[in-house]
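Beneath this line is the structure, given in structure tokens, with notes to follow.
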Amino acid sequence: MRIALFGGSFDPFHYGHIELIRGAIESGACDIVIVIPTVNNNFKRGRILIPAPYRYYMAKAAVEDEFSSNVLVSDVEFDFEGITYTANTVKKVVSDGFIIPFLMRNGVPGEKAAERHSFFWLCGSDILPTFDKWYKPEEILSYAVLLVAKREGDDTDIYEQGARLKSLFGCDIAIFAMNGIDQASSDIKQTGSYDKLPGVVQDFIKAHDIYNTITVLDHCSDETCVKFYEYAVKLYHYLSGKRLLHTLNVGLLSAKLAHDHGEDCDKALIAGTLHDCAKELPMDEQKKMAEAVCGELFVDDKLLHSPAGAYMARDMFGIEDQEILNAITYHTTGRGGATMLDKIVYLADKIEPSRTYTDLTEMRKFAPTDIDSSLRLCVMSVADKFKRKGRAIHPVTLDFMSDLGL
Ligand SMILES: [Fe+2]
Ligand SMILES: [Fe+2]
């Protein structure tokens, strides 16, 4: 098969990306396109790009909505440590050890998946003038042919640039014509014109309120921002998509609430981001970890992930700060004598933007100015649910409620 690899930040995924992919397939230049969101190249630019899991799941939603099985999305870059370069990504994707199982997982029959494939790097003509400045361009070209879109009214002289690259690297480029939908992620973000994006992308952005909440990083230190981006990638390996995006939302909302209430945004960002890190570990592992943190205090399966999360945050993410670890331990129950950080993470967990389990309007309204009022509404709503289900409220939650005057 002829397989085109299409890498990018996709921040956000827009119609320009969709038309580029459609153009490549409809022109007959390739059989399959694999969309590869960049992951680790954004640490230093943390305040420009949203974390990789948001971009990956956004691209996946858009691709699944627009195309059939001939366009796939790969999470390959989540496996790389440190900064990722296109040359390394292409090298890995074209290897039999990667591409054959990847295609088979995506419904391509084994025999066809194991064929000898030819690979392309799909791109707009705008990359040509600077392609030779990329990291190891000759290595990229040893694995893949540049498959370049020629838009109507394109400023770049593709043929001249093609001749230049041929003289430098001895490579040919492949060219296809496409309809020129001219969208740029940076323009969309700058003008806030998210309504010009595909419907599923708009829904995704609204559900997570991501381009608003990400601005809270302006109140966090560079060091914490770097950690936040690193943790987002690391957590990808432990949590399913919905849970992962929830934990990142909680991190960002915790940092925002900390800023609103004059608390430490850095600690809130880290505590919120890691609060559910142990949620999808096997129960017996969660139990062991929880016991190591607080003995027999929590025995209910639904509560174990909180202390287990504190254990994992220390053990695997290197968190030593006891305030952060406590906020993780008590994020499900609250506790008597709760700190502001405990309250922030507890509340952010229940009202982050993608939560829809009940009407959260009032809780969200009070949260930035009167956190205890918001918490009272929140804890009462949880207590009502417990009553309806005949579940007992944990003693530490009763202490928490008592402190809130409930
Ligand atoms: Fe939780
Ligand atoms: Fe949670």
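Can you pull out every residue in the stretch 279-322 that is in a loop (DSSP other than H, G, I, E, B), under 25 Å from Phe228 (Cβ atoms) and either touching an Asp or Glu at 6+ places or on another chain (Cβ under 8 Å) or away from ligand 2 (no atom under 16 Å from the Cβ) (or both)? Selection gives Gly318, Ile319, Glu320, Asp321.
The set of residues in the stretch 111-142 being surrounded by 19 or more Cβ atoms within 10 Å (Cβ to Cβ) and touching a helix residue (DSSP H, G or I) at 6+ places or on another chain (Cβ under 7 Å) consists of Ala113, Phe119, Trp121, Leu122, Ser125, Leu128, Phe131, Pro137, Ile140, Leu141. The requirement of being surrounded by 24 or more Cβ atoms within 10 Å (Cβ to Cβ), free of Cβ contacts under 8 Å to residues at least 24 places away in the same chain, part of a helix (DSSP H, G or I) and within 16 Å of ligand 1 (Cβ to nearest atom) is not satisfied by Ala271. Among the residues making up the stretch 1-32, those that are of a type outside the set (Lys, Arg) and over 23 Å from Ser186 (Cβ atoms) are Met1, Ile3, Ala4, Ile25, Glu26, Ser27, Gly28, Ala29, Cys30, Asp31, Ile32.
Scan the stretch 356-390 for residues that are within 20 Å of Ala268 (Cβ to Cβ) and in contact (Cβ under 8 Å) with a residue 24 or more places away in the chain and the total you get is 9. Assessment of the stretch 242-259 against the conditions (assigned by TED's automatic domain parsing to the domain that holds Ile351, of a type in the set (D, E, K, R), touching a residue at least 12 places away in the same chain (Cβ under 8 Å) and over 29 Å from Ile393 (Cβ atoms)) yields no matching residue. The C-beta contact set for the stretch 317-342 (first residue closer than 13 Å to Asp372 by Cα and of a type in the set (D, E, K, R), second residue assigned to a helix (DSSP H, G or I) and within 15 Å of ligand 2 (Cβ to nearest atom), distance under 6 angstrom, 6+ apart or interchain) comprises Asp342/Ala327. If you filter the stretch 391-406 down to residues that are part of a loop (DSSP other than H, G, I, E, B) and free of Cβ contacts under 8 Å to residues at least 12 places away in the same chain, you find that the one that is nearest to Thr339 (Cα to Cα) is Ile393. For the condition surrounded by fewer than 22 Cβ atoms within 10 Å (Cβ to Cβ) and part of a helix (DSSP H, G or I), Ala207 qualifies.
Is it the case that some residue within the stretch 168-191 is among the hydrophobic types (A, V, I, L, M, F, W, C), part of a helix (DSSP H, G or I), within 16 Å of ligand 1 (Cβ to nearest atom) and in contact with a helix residue (DSSP H, G or I) (Cβ under 9 Å, 6 or more places away or on another chain)? Checking the stretch 168-191: not a single residue is among the hydrophobic types (A, V, I, L, M, F, W, C), part of a helix (DSSP H, G or I), within 16 Å of ligand 1 (Cβ to nearest atom) and in contact with a helix residue (DSSP H, G or I) (Cβ under 9 Å, 6 or more places away or on another chain).
Taking the stretch 306-354 as the range and being basic (Lys, Arg) and within 12 Å of ligand 1 (Cβ to nearest atom) as the test, only Lys350 passes.
Candidates Gly124, Gly110, Gly153: the one that is under 23 Å from His17 (Cβ atoms) and either touching a strand residue (DSSP E or B) at 6+ places or on another chain (Cβ under 6 Å) or modelled with pLDDT of 95 or more (or both) is Gly124. Taking the listed residues His275, His246, the one that is out of contact with any helix residue (DSSP H, G or I) (no Cβ under 7 Å at 6 or more places or on another chain) and either within 16 Å of ligand 2 (Cβ to nearest atom) or within 15 Å of Lys350 (Cα to Cα) (or both) is His246, with no other qualifying.
Would you check if Asp266 is modelled with pLDDT of 95 or more, away from ligand 1 (no atom under 12 Å from the Cβ) and either of a type outside the set (Ser, Thr, Tyr) or outside any loop (DSSP other than H, G, I, E, B) (or both)? Judged against the criteria, Asp266 is a match. The lone criterion from (1) away from ligand 2 (no atom under 16 Å from the Cβ); (2) within 21 Å of the chain's Cα centre (by Cα) left unmet by Glu362 is number (2).
Selection of the stretch 87-137 for residues being without any contact (Cβ under 8 Å) to a residue 40 or more places away in the chain, farther than 14 Å from Ile173 by Cβ and charged (D, E, K, R) yields Lys92, Asp96, Arg105, Glu111, Arg116, Lys133.
For the stretch 220-231, state whether one or more residues are closer than 22 Å to Val63 by Cα, in a helix (DSSP H, G or I) and touching a helix residue (DSSP H, G or I) at 6+ places or on another chain (Cβ under 9 Å). No, every residue in the stretch 220-231 fails to be closer than 22 Å to Val63 by Cα, in a helix (DSSP H, G or I) and touching a helix residue (DSSP H, G or I) at 6+ places or on another chain (Cβ under 9 Å).
The values are calculated or read from the model by the stated rules, or taken from the named source; none is laboratory data. Just so you know, these numbers come straight off a predicted model, no measurement behind them. Cβ sites come from the backbone with ideal geometry, for glycine too, and all protein chains shown count toward neighbours.
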